[in-house]
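> Below are the structure tokens for one structure; questions will follow.
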Amino acid sequence: MNLEAMMRVFYNRSIEETNRRMYIVQRILAEEELKIDDICDALFISRSAISRDIDWATAFLNSYDLSVQHVPGRGLVLSGNELHIRKAMTEVHCSQYHDFQQLYPYEPFNHLFYDDRQVYEDVRHAFLAILRNTCISIDDLAAKKIPTYMCLANNRIRQGRLIKLDESIINEITSTYDYQVAKQILSDPIIRSLLDFPEVEAINLARLILISRDIDMRSKGLCEIPLAYIMENDRIYKKIKKKALNRIGKSLLKAEFFRFFETDIKSVQLELYLRHRFDSTKEKTMINYIESDETLLSPIPIQMARIMIGYLQEEFNEEINDPTITSYAALFERILKKVTYPYMKRRIMVTATEGLVYGQHMKENLLRSYGKYIDNIDVYNLYEMRKVNFNDYDAMLHSGHLMYYVYPLKSVIFNELDYQNNQNVLFSELFKDGYDRTRITEIKKILNIYQNVRIDSIDMFMENLAFRYGSTDDDSNQIIRDYYDNRKIFDYYSNRQNSLLCLMRYEYTKKEFIHIFIPENTATYHEKLDVNYIIVASINPDNSVSSIKIDNHVLQYLTQVNDAVYRLVEDKDTVLEEMFDRIVERNFFDY
């Protein structure tokens with residue numbers, strides 16, 4: 001298994017721990033009774049050392065409404081309805097589809113699905129061949145999970161283990177286009193030769209297809225979804241957005257261009273709405289199929305995702321553990337990239353010893369490449385310089401002769417033959433000065449660093465900070481609730497710099513700050529993760545959208561760039577200025 005595939009499978013989890021937990025869950029699902037000593041013997045580990053893994057396995061299965069009881073004389077015993085058992089089994093089994101060898105394989109679990117993998121391959125190919133000829137799009141993981149479930153269901157039916165669906169769900173599902181597709185799939189000759197499904201399984205297959213839709217409301221995947229679901233999803237979105245308007249990112253949500261992206265957010269939310277309506281959003285995943293580096297998502301898009309998901313949980317009255325939540329942060333990341341920094345366009349004069357024609361070409365090239373950064377640009381020859389009011393310009397561009405440096409105006413060489421160097425010089429000597437530095441000046445005032453802080457327990461330390469920053473006791477208690485609730489959606493920990501970043505609500509603190517705490521001894525998070533420093537910030541949601549973007553980049557540098565925090569300790573103002581220069585330089589060359 002190559003390194004990239006391992007990153008997708010294990011992400012930032014321990015490989016050993018993940019394999020142990022997979023093994024334990026597989027055995028609980030496969031066996032009627034499971035002695036803990038048998039697990040310890042198989043894994044060569046003590047009862048005390050394995051207790052946390054069993055707790056994790058129990059919590060994982062609890063999220064599927066399954067109960068794991070430790071019964072004296074019998075060991076671990078699983079109970080729950082058949083549909084939930086199948087869902088958990090399918091999730092765990094599909095976690096193996098990465099072409100890697102488990103450290104602790106448990107073949108009896110795999111035999112519950114099929115003895116010959118070719119059966120699965122035949123079912124999957126026939127299933128997808130029919131689905132591709134419909135107007136339905138499902139995500140790639142569902143394209144594996146649904147055929148896996150179909151194979152499992154076939155074996156469970158033969159054992160007399162049948163599912164039940166609520167009458168209300170049956171009535172809704174049988175009226176959908178997805179039900180017609182499910183019936184078509186099950187009537188396929190290849191699938192009929194392999195599977196024998198009663199009507200309730202056809203309805204459930206339709207349910208699985210509906211909750212697995214990959215939806216882009218602007219172009220694809222919305223086909224034949226009942227209008228009532230779309231309208232209800234829209235109502236929920238408007239309600240959530242209204243609540244979010246008093247939180248960080250408010251200026252982004254109110255920006256005119258944000259309306260273009262609302263359809264994308266509604267698309268992702270519709271997927272969650274369908275899962276909530278016909279299934280569950282609280283079920284935990286065994287291993288995420290991560291294609292991109294989630295640690296590169298920046299702080300404020302993550303916080304905005306937390307806010308939207310938090311309000312959506314309130315609306316659903318159900319936890320959301322679905323991997324789709326990462327899509328929210330990725331969407332806000334892309335939306336924030338569209339924000340431009342406040343900029344004072346440059347007033348430029350161009351002159352060249354080569355004459356007006358050459359100067360005019362310099363002007364045209366500048367406008368073509370950098371027109372959005374230029375307010376006005378005029379061409380003069382040397383003879384005309386005596387009549388120029390230099391106060392009307394920010395800089396003079398010329399072809400390199402020393403004589404130009406005698407004039408009372410910033411002098412910048414513009415050598416069109418040296419393209420790469422020319423770009424860098426133009427940015428550093430001319431265009432960089434146009435960026436408004438007001439926000440970085442404000443950040444200098446609100447950013448403080450506290451060294452050698454005693455932190456025995458990070459959670460207790462954060463609770464103490466809540467009472468330090470909360471404007472009232474009620475506000476402090478709400479900050480604490482936010483701290484614990486928000487980390488369930490996106491964890492505060494960044495393994496890139498072994499840091500924690502917690503954004504507190506401005507409405508509870510009534511002030512802006514970015515405070516960095518460096519512990520006297522390395523602190524520990526979740527009993528095993530080292531923490532080098534903790535960043536706690538509160539940002540006014542009424543700030544301009546460009547200020548929010550600058551704040552986001554500063555926080556991103558602090559959590560993702562090596563030694564950024566420790567350099568701040570040495571010279572805060574200089575480092576923040578350099579940080580701002582790097583931020584706007586990237587903005588200049590990226591766009």
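> Checking VAL536 against (1) open to solvent by 10 Å² or more (accessible area, probe 1.4 Å); (2) within 23 Å of the chain's Cα centre (by Cα), which single condition isn't satisfied?
(1)
> I've got another one for you. What is the number of the single condition among (1) at pLDDT below 90; (2) over 41 Å from the mean Cα position of the chain (by Cα); (3) open to solvent by less than 20 Å² (accessible area, probe 1.4 Å) that GLU384 does not meet?
With respect to (1) at pLDDT below 90; (2) over 41 Å from the mean Cα position of the chain (by Cα); (3) open to solvent by less than 20 Å² (accessible area, probe 1.4 Å), GLU384 is out only on (3).
> Please go through region 242-266 and give me each residue that is more than 13 Å from ASN540 (Cα to Cα), open to solvent by less than 40 Å² (accessible area, probe 1.4 Å), out of contact with any strand residue (DSSP E or B) (no Cβ under 8 Å at 6 or more places or on another chain) and in contact (Cβ under 8 Å) with a residue 60 or more places away in the chain, ordered by number.
Residues satisfying the conditions are ALA244, ALA255, PHE258, PHE261, ILE265.
> Among the residues of region 164-183, write down those that are open to solvent by less than 10 Å² (accessible area, probe 1.4 Å) and either touching a strand residue (DSSP E or B) at 6+ places or on another chain (Cβ under 6 Å) or among the aliphatic types (A, V, I, L, M) (or both).
The answer is ILE173, VAL181, ALA182.
> Considering (1) surrounded by fewer than 17 Cβ atoms within 10 Å (Cβ to Cβ); (2) over 42 Å from the mean Cα position of the chain (by Cα), say which one LYS363 fails and leave the rest.
(1)
> Can you tell me how many residues in region 58-106 are surrounded by fewer than 17 Cβ atoms within 10 Å (Cβ to Cβ), modelled with pLDDT of 90 or more and under 30 Å from the mean Cα position of the chain (by Cα)?
Total meeting the criteria: 3.
> Among the residues of region 4-30, count how many are at pLDDT 90 or above and open to solvent by 40 Å² or more (accessible area, probe 1.4 Å).
Residues flagged as at pLDDT 90 or above and open to solvent by 40 Å² or more (accessible area, probe 1.4 Å) within region 4-30 amount to 0.
> Surrounded by fewer than 20 Cβ atoms within 10 Å (Cβ to Cβ), among the aromatic types (Phe, Trp, Tyr) and under 25 Å from ALA244 (Cβ atoms): does that describe PHE589? If you could, list the steps in order and put the result at the bottom.
Numbers: surrounded by fewer than 20 Cβ atoms within 10 Å (Cβ to Cβ): yes; among the aromatic types (Phe, Trp, Tyr): yes; under 25 Å from ALA244 (Cβ atoms): no.
It is false that PHE589 is surrounded by fewer than 20 Cβ atoms within 10 Å (Cβ to Cβ), among the aromatic types (Phe, Trp, Tyr) and under 25 Å from ALA244 (Cβ atoms).
> Within the group GLU224, GLU199, GLU232, which residue is in contact (Cβ under 8 Å) with a residue 60 or more places away in the chain and open to solvent by 40 Å² or more (accessible area, probe 1.4 Å)?
One residue alone meets the criteria, GLU224.
> Now for a different question. From the set of residues in region 387-408 that are among the hydrophobic types (A, V, I, L, M, F, W, C) and at pLDDT 80 or above, which is surrounded by the fewest Cβ atoms within 10 Å (Cβ to Cβ)? Walk me through it before giving the result.
Just the residues of region 387-408 that are among the hydrophobic types (A, V, I, L, M, F, W, C), to begin with: 388, 390, 395-397, 402-403, 406.
Next, only the ones that are at pLDDT 80 or above stay: 388, 390, 395-397.
Details: VAL388: 16, PHE390: 13, ALA395: 20, MET396: 23, LEU397: 26.
Among those that are among the hydrophobic types (A, V, I, L, M, F, W, C) and at pLDDT 80 or above, it is PHE390.
> Are any residues in region 107-126 of a type in the set (Asp, Glu) and loosely packed, with under 15 Cβ neighbours inside 10 Å, and if so, which ones?
GLU107, ASP115, ASP116, GLU121
> Is it the case that region 163-184 has a residue that's within 22 Å of ARG117 (Cβ to Cβ) and either under 34 Å from the mean Cα position of the chain (by Cα) or in contact (Cβ under 8 Å) with a residue 60 or more places away in the chain (or both)?
Step one: of region 163-184, the residues within 22 Å of ARG117 (Cβ to Cβ) are none.
Within region 163-184, none of the residues are within 22 Å of ARG117 (Cβ to Cβ) and either under 34 Å from the mean Cα position of the chain (by Cα) or in contact (Cβ under 8 Å) with a residue 60 or more places away in the chain (or both).
> Of the conditions (1) at pLDDT 95 or above; (2) within 20 Å of SER546 (Cβ to Cβ); (3) outside any helix (DSSP H, G or I), THR340 satisfies every one except a single condition; which number is it?
For THR340, the exception is condition (1).
> For region 498-527: of the residues being more than 24 Å from ASP563 (Cβ to Cβ) and among the charged types (D, E, K, R), which is most open to solvent (accessible area, probe 1.4 Å)?
GLU527
> For region 433-458, which positions are in contact with a strand residue (DSSP E or B) (Cβ under 9 Å, 6 or more places away or on another chain) and of a type in the set (Asp, Glu)?
ASP433, ASP436, ASP456, listed by residue number.
> OK, next. Can you name the residue in region 309-359 that is among the β-branched types (Val, Ile, Thr) and free of Cβ contacts under 8 Å to residues at least 40 places away in the same chain and, of all such residues, is surrounded by the fewest Cβ atoms within 10 Å (Cβ to Cβ)?
Taking the candidates together, the pick is VAL357.
> Name the residue that is most open to solvent (accessible area, probe 1.4 Å), counting only residues in region 460-471 that are within 17 Å of LEU503 (Cβ to Cβ) and out of contact with any Cys (no Cβ under 8 Å at 6 or more places or on another chain).
Residue satisfying both the conditions and the ranking: ARG468.
> When you check GLU442 against the structure, is it modelled with pLDDT of 95 or more, within 22 Å of ASN552 (Cα to Cα) and surrounded by 15 or more Cβ atoms within 10 Å (Cβ to Cβ), yes or no?
Spelling it out, GLU442 is indeed modelled with pLDDT of 95 or more, within 22 Å of ASN552 (Cα to Cα) and surrounded by 15 or more Cβ atoms within 10 Å (Cβ to Cβ).
> With a cut-off of at least 2 residues that are among the basic types (Lys, Arg), name the helices (runs of 4 or more DSSP H) lying wholly within region 59-176.
Those helices (runs of 4 or more DSSP H) span 82-94, 117-131, 140-158.
> Shifting gears a bit: Of the numbered conditions (1) farther than 23 Å from ILE455 by Cβ; (2) open to solvent by less than 80 Å² (accessible area, probe 1.4 Å), ASP542 satisfies every one except a single condition; which is it?
(2)
> While we're here: So the check is Cβ under 7 Å with 6+ separation or different chains; which pairs have a first residue in region 578-591 that's within 11 Å of PHE427 (Cβ to Cβ) and a second one that's aromatic (Phe, Trp, Tyr)?
VAL584/TYR341; VAL584/TYR435; GLU585/PHE427; ASN587/TYR341; PHE588/PHE427; PHE588/PHE431
> Which count do you get for residues in region 476-506 that are outside any helix (DSSP H, G or I) and either of a type outside the set (Phe, Trp, Tyr) or more than 15 Å from the chain's Cα centre (by Cα) (or both)?
Within region 476-506, residues that are outside any helix (DSSP H, G or I) and either of a type outside the set (Phe, Trp, Tyr) or more than 15 Å from the chain's Cα centre (by Cα) (or both) number 13.
> Every residue in region 541-578 that is touching a strand residue (DSSP E or B) at 6+ places or on another chain (Cβ under 8 Å) and β-branched (Val, Ile, Thr), please.
Within region 541-578, VAL554, THR559, VAL565, VAL569 qualify.
The values are calculated or read from the model by the stated rules, or taken from the named source; none is laboratory data. These figures come from a predicted structure and were not determined experimentally. Cβ atoms come from the backbone with ideal geometry, glycine included; neighbour counts cover every protein chain shown. The protein model used for the area step is the full one, side chains on, heavy atoms only, and it has no ligands, DNA or RNA in it. Shrake-Rupley method; radii C 1.70, N 1.55, O 1.52, S 1.80 Å.
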